[in-house]
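The values are calculated or read from the model by the stated rules, or taken from the named source; none is laboratory data. Keep in mind that this is a model prediction, so the values were computed, not measured. Using ideal geometry, Cβ is built from the backbone for each residue, glycine included, and neighbour counts are taken over all protein chains shown. These accessible areas exclude ligands, DNA and RNA; they are computed on the full protein's heavy atoms, side chains included. Shrake-Rupley method; radii C 1.70, N 1.55, O 1.52, S 1.80 Å.
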Amino acid sequence: MNGPGEGGPGAPPPRSRWRLLDPKVLNGLRLGLTLLTFAAIAWYVHTRPRPDLSGLSLRWGLFALACACLPPMLLLRALKWKSLLRGAAPDITLRQALRSYLGAMALGLVTPGRVGEFSRGLYLSQRPVQGWRGAGLVLIDNWIDFLAVLAWSCLGWLVCFGVKGLALGAVLLLLFSPIPFWLKASGRVTSWFPSRWGFRESARKALASGENVSRADYLKAFGAGLSAYGLEWLQIALLLGFLSPAVPEPWRLAGMMALVSLANSFQVTLAGLGVREGISMLLLAREGVGPEAAVLAAFLQSALVLLLPAVAGLVIKPVALYSAPADGNRGSEGAEKVAGTGLKALE
């Protein structure tokens, strides 16, 4: 029998095991860190030397087209995320996947290495993907992003190093492509992890999340990732066309910007500020693009692709958390009611 206040009918919903994961605390943390990020951006822009804008050709029609690339780009990333979730949550919808993706962006943007993105499962009502298995699927999602960028970067290596660079890029792509193999290999290493606080078991659950992803879903997710980055390169081409008459050939530009994204895979600054702009300026200079146009185009794209979706994600509330891990353990009737309430709030 349940003791007093232990989940019987009419009992108050159980509290989260960790106070930090309480939905209200999580929302406050997201909002606070986002405001801190915008303050850092304002400081960064204020302290940079004022660029000479007199030589820029502002063609606003191209800027409007660049902005129009954002919605389909987000839908493709949501489709990629949905494809990976489908094995563990067959009833997942594209709308739910999009809300989960956007909801975690604000926290992911302002945390080192974007680890805040691993909170995506908190914005889904499907219990199997709310815990460590969901975090493992986020890892796979980011891995597929890395593979998509690696594929596009082969063009950049061809531009910079010729056929040898293209061959090296192809070898690296083939080396990192077998995701299930690398997940199983990593799972064997978890025996070395400490068992305290369930860390070892949690890591195993996260790394085993790929077992529910079929080969077809892997390929579908990779195709969506390639397409999303293709739109991203189109967007940067439009932004450069908005700012400067000198725009590299599309395939060369795609390769160069893929190298920029590859170099910025591991963020060493807040929201990647400065790194993307600096590398873009260096690589695009060899294509005849002026430094002012390169830096401004990279900064505008960061604002469109990262900052705006993160701000939009702030209005999405996480589904109420269970007191026990969501990976296959039973929850109380009160917790299920709380989850239902959270889902209604999302809808």
With the full set of protein chains in place, find how many percent of the accessible area of region 56-120 is carbon and sulfur; take the probe as 1.4 Å. 72
Let me check something: with ligands and nucleic acids excluded, how do Thr93, Thr111 order by accessible area (1.4 Å probe), largest to smallest? Thr93, Thr111
Under a point spin-label approximation (7 Å from Cα along Cα-to-Cβ), what is the Glu211-Ala312 distance to one decimal in nm? 3.6
Put +1 on the Cβ of each Lys and Arg and -1 on the Cβ of each Asp and Glu in region 77-235; which of Ala151, Leu109, Gln235 then has its Cα farthest toward the positive end of the dipole? Leu109
Which whole-number percentage describes the relative contact order of region 105-148, with Cα contacts under 8 Å and a sequence gap of 6 or more? 25
Expected-Rg normalisation [2.2 N^0.38 Å, Cα atoms] applied to region 93-205: 1.30
May I ask you to evaluate 6.51 cos²θ - 1.76 cosθ + 1.60, the Karplus curve with θ = phi - 60°, for each residue of region 241-252 and list the ³J(HN,Hα) values in order in whole Hz, giving x for glycine and proline? x, 5, 9, 9, x, 8, 10, x, 4, x, 6, 5
For the pairs Lys164/Lys184; Lys80/Lys164; Lys82/Lys317; Lys82/Lys205, note any where the Cα-Cα span goes beyond 25 Å. Lys164/Lys184; Lys80/Lys164
Within 10 Å, count the other beta carbons around each residue, average over each peptide in 298-311, 147-160, and list them highest first. 147-160, 298-311
In Å², and per residue, what accessible area does region 56-140 have when probed at 1.4 Å with the other protein chains present? 36
So, relative contact order of region 96-226 in percent, Cα under 8 Å, 6 or more apart, is 23
Sequence-separation-based contact order of region 64-166, relative, with Cα cut under 8 Å and 6+ spacing, percent: 18
